1. May I ask you to list the residues in the stretch 226-247 that are open to solvent by 10 Å² or more (accessible area, probe 1.4 Å) and more than 27 Å from residue 802 (Cα to Cα)?
2. Anything in the stretch 80-120 that is within 15 Å of the ligand (Cβ to nearest atom), assigned to a loop (DSSP other than H, G, I, E, B) and surrounded by 24 or more Cβ atoms within 10 Å (Cβ to Cβ)? List them, or say none.
3. Just to be sure I understand the filter: pairs with C-beta atoms under 7 Å, separated by 6 or more residues or on different chains, first member in the stretch 509-533 and more than 21 Å from residue 151 (Cα to Cα) and free of Cβ contacts under 8 Å to residues at least 60 places away in the same chain, second member open to solvent by 10 Å² or more (accessible area, probe 1.4 Å) and more than 16 Å from the ligand (Cβ to nearest atom). Which pairs pass?
4. Could you tell me how many of the residues in the stretch 484-508 are among the hydroxyl-bearing types (Ser, Thr, Tyr) and either in a helix (DSSP H, G or I) or crowded, with 22+ Cβ neighbours inside 10 Å (or both)?
5. Would you tally the residues in the stretch 248-264 being more than 21 Å from residue 311 (Cα to Cα), away from the ligand (no atom under 16 Å from the Cβ) and open to solvent by 10 Å² or more (accessible area, probe 1.4 Å)?
6. Pairs under 9 Å by beta carbon, first residue at positive phi in the stretch 575-599, partner surrounded by fewer than 24 Cβ atoms within 10 Å (Cβ to Cβ) and in a helix (DSSP H, G or I), six or more apart or different chains?
7. Can you tell which of 320, 327 is hydroxyl-bearing (Ser, Thr, Tyr), touching a residue at least 60 places away in the same chain (Cβ under 8 Å) and crowded, with 23+ Cβ neighbours inside 10 Å?
8. Which of the residues that make up the stretch 281-313 are in contact with a Leu (Cβ under 8 Å, 6 or more places away or on another chain) and open to solvent by 30 Å² or more (accessible area, probe 1.4 Å)?
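The values are calculated or read from the model by the stated rules, or taken from the named source; none is laboratory data. Owing to the predicted nature of the structure, the values given are computational and were not obtained by experimental measurement. Please note: Cβ atoms are built from the backbone with ideal geometry, for glycine as well, and neighbour counts cover all protein chains shown. We work out accessible area using only protein heavy atoms, side chains counted, and drop any ligands, DNA or RNA first. Shrake-Rupley method; radii C 1.70, N 1.55, O 1.52, S 1.80 Å.
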Amino acid sequence: MLSSLLIAIAAFATIVVGSSLDHAWSPPYYPSPLGGRVKSDDKWKESYERARDFVAQLTLLEKVNLTSGIGTEQGRCVGQTGEIPRFNMSGICFQDGPLGVRATDFVTGFPAGITAGSTFNKDLMYKRGAGIGQEFRGKGADVILGPATGPMGTKALGGRIWEAFGSDPYLQGVAGSLTVEGMQDHGVMANAKHFIANEQEHFRRVSEYRKYNFTDLESEISSNVDDRAMHEIYAWPFAEMIHSGVGSIMCSYNKINNSLGCQNSYLLNKIAKDELGFDGFVVSDWYGQKSGVAAVLAGLDVGMPGDDEGVPGFLGANLTTMVMNGTVPEWRLNDMAVRTMAAYYYVGLDKTREKIGGPNFYSWSLNTTDAVYHADPESSPYEVVNEHVDVQTDFSQEIAYKTAVEALVLLKNNNKTLPLNSKSQKIKKLSILGKAAAAAPVGPNCPSTQGCSDGVLAVGWGSGSIEFPFLSIPADEISRRARENHVSVDWNFGTTVSDQFDKTATTSDVNIVFALSDSGEGFQAVEDNLGDRNNASLWHNGDAIIKRAAEKNSNNIVVVTSVGPVNLERWIDHPNITAVLFTTPGGQYTGQAISDVIFGGYNPSGRLPFTIAKKDDDYVPIVKDVPEDGHPQDNFDEGIYIDYRLFDHLNKTPRYEFGYGLSYSNWEFSNIEVSPASDDLSQSLPAPPSLAQPYSIDSNLPEPSECVFPKDFHRVNDLYEYPWVKDQSKLTANGSYPYPEGYSTVQHDTSLPAGGGPGGNPALYKNVYKVKADLTNQGPYKGAYVGQLYLGFPQSDKYPSPPKQLRGFEKVELTPNETTCLEFDLRWKDLAIWDVYSQSWTIQSGCYKVYVGSSSRNLELVSQINI
Ligand code: NOJ
């Protein structure tokens, strides 16, 4: 015990005190904590009791089935665990993704996570989660593979930042936890992914990037993160989602401090399960598990999809083997199974399944009848696999539209160009320019997970995408609205400037010019972008088209749709660019939302969920080179200074800061008031609640002969994963296993100081201050506005902090001349920093500045808290 502590401290010193992250490594942390011991609510307690009772009745092989995937394309969902026929339990169905049910029909294409983040509207964040949850439930899927709060958005060009909620841990934490609650309140399970520091696509998986000719790549990229950034930035949203009861977490492909995400004992055993008190189960990202015993001892509970890219996987029969021969203690398998079932009961999957039955869709085609085992269609029976259940509701349509429209960010609006009013502005003719305004010739669903970009951008590509049931096209919606007032409409969707383009751009009273920038998941390259974007420029000659329009006409409204920050510098200051709207992937109502804002049907209220820089070099770059030894290292040298924190710290002026967004109305903040919400503000955390006694389940290992494939058993195909082994001899120990350093099987009897409850020490979540501020809509339009609260922490040499950090936001809708009082609750954790020396959270003495206002750089009110 003492030696493992010393190792941990030494490792910690290497990571934190060293001047660089060059030799970052991840200390061992064992054993994997048994679930159900932290102080949680009655619902978790009851779920644990039921789970333990259930698992106590299972055989070893049944527990293996419960925790192992059956293999790629062996079931209807993107991942499925094995069945337990004795209890009439079909496999658990895992389905992408974070913005709706992937790869099926008659579902809503919700706006992406980044778009929900951009609304800064908590109510919508919850309702979007609820809408997605209801549709998964209707399709009979059990686990929603979302929300994503990793990536954090540290890298502006990271391929999947649009799946998550924006480049700030607090925003991601609020949006992530409300999404989880919305989803799980509807009897399905959310999955918080990707744990953790999965900031870029390049080199996340070796096979994937070797395919792109990085033949020297030997291992997955290592995200090297210091301890303070790990807590204050990357783990923060996961803590919030655990606090909200998320049932499952997906470990990521990348290494963290040189240990793979799905076998990193420090992150899974220590941070997630011990410190953050996570009582659900950890599932691997697909093929992200690269070891058997090591991963299981490090805290992985469920392996997906089962096989390892076409060869037998690490669990299934191998899990049977490792438990039978004693390498993995049986209690660990029990814990894997109990955690899975506890989360299952916690979200009410037992009841949902009773009502809905199993999945009624099929991820591998939209055919009604198809191969039951798509992995091997030739040997498979064919059955009805798609029942084409329509799960769209009025509620989901309303929320999908509202999220899209509330997310639109008005960046520039000279001389009240917007909203367009054809009568008062004497507009007789309008031209729509740029291919991003138009319908893609291939339809709304680019073949293979939205892996092309040929028209309007409504979603990025990869597993976080969806098949749209329809797609509202900006050009159509704008034309329709224009014709209501007899305005003539012309267009040019070419990607090059031509005489015809010039004519169209010159002869109108106003041009609406569209441009986009897309990205996605690393398994697919689109226009030479290998997941991550190659640069922050607009695609399809966007800058040239915008500039040309500005040369030809004095009134141009630009609409930029992008997965992340883009470079606007080539034209943003041009006097003929009169207005600019910025939109992130808006889902199926993209066109309608844009048109409604342009014509004043909705007063824009979205805020940038990241900073738009003036220079591409101001962003944290993507690591794109494989070093000589083949093991890419990605040192997160910016530490806690991500996005606006870095710009503020370096005093660098961005083009548009985090939180920025204009309105058609004028707004005023006044009367800030800060008052304590608790009598006792201790600067250190109280001792964590004591842990419940570890449970044990009476079970006996079966006879080895029972673990061998039954005689004459008919395998459905060679790659289907079964719990049985072929060869009995491996079930007996043969030699000793090289356990990792620090390995132990003795459960800890106390929590870590920062632990003890779901999301960490319960005292972290106590409200300690209340901040109030008045907000007035000074007219002339009705509209919504976001009040943002930032804290400036006391500075010290030991613990320097960014000048400001988001710690609250509230969005309200007001009519002209209406005033309301915004109220923000500051919790203990909102004032705390992670003290790397005491390995706990602490509140510093000194002056905390409290800012309330319109954006991270426009904070109209200031007050302070002295501690
Ligand atoms: C890999 C992706 O990283 C993950 O987000 C997704 O859920 C799985 N594939 C399943 O499609």
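1. 244
2. Once the filter is applied, which keeps residues that are within 15 Å of the ligand (Cβ to nearest atom), assigned to a loop (DSSP other than H, G, I, E, B) and surrounded by 24 or more Cβ atoms within 10 Å (Cβ to Cβ), the stretch 80-120 yields 92, 96, 97, 98, 99, 100, 101, 102, 104, 112.
3. Taking only residues 6 or more apart or on different chains, the pairs are 528/534.
4. 3
5. Number satisfying all stated conditions: 3.
6. Correct list of pairs: 587/401.
7. 320
8. 290, 310, 312, listed by residue number.
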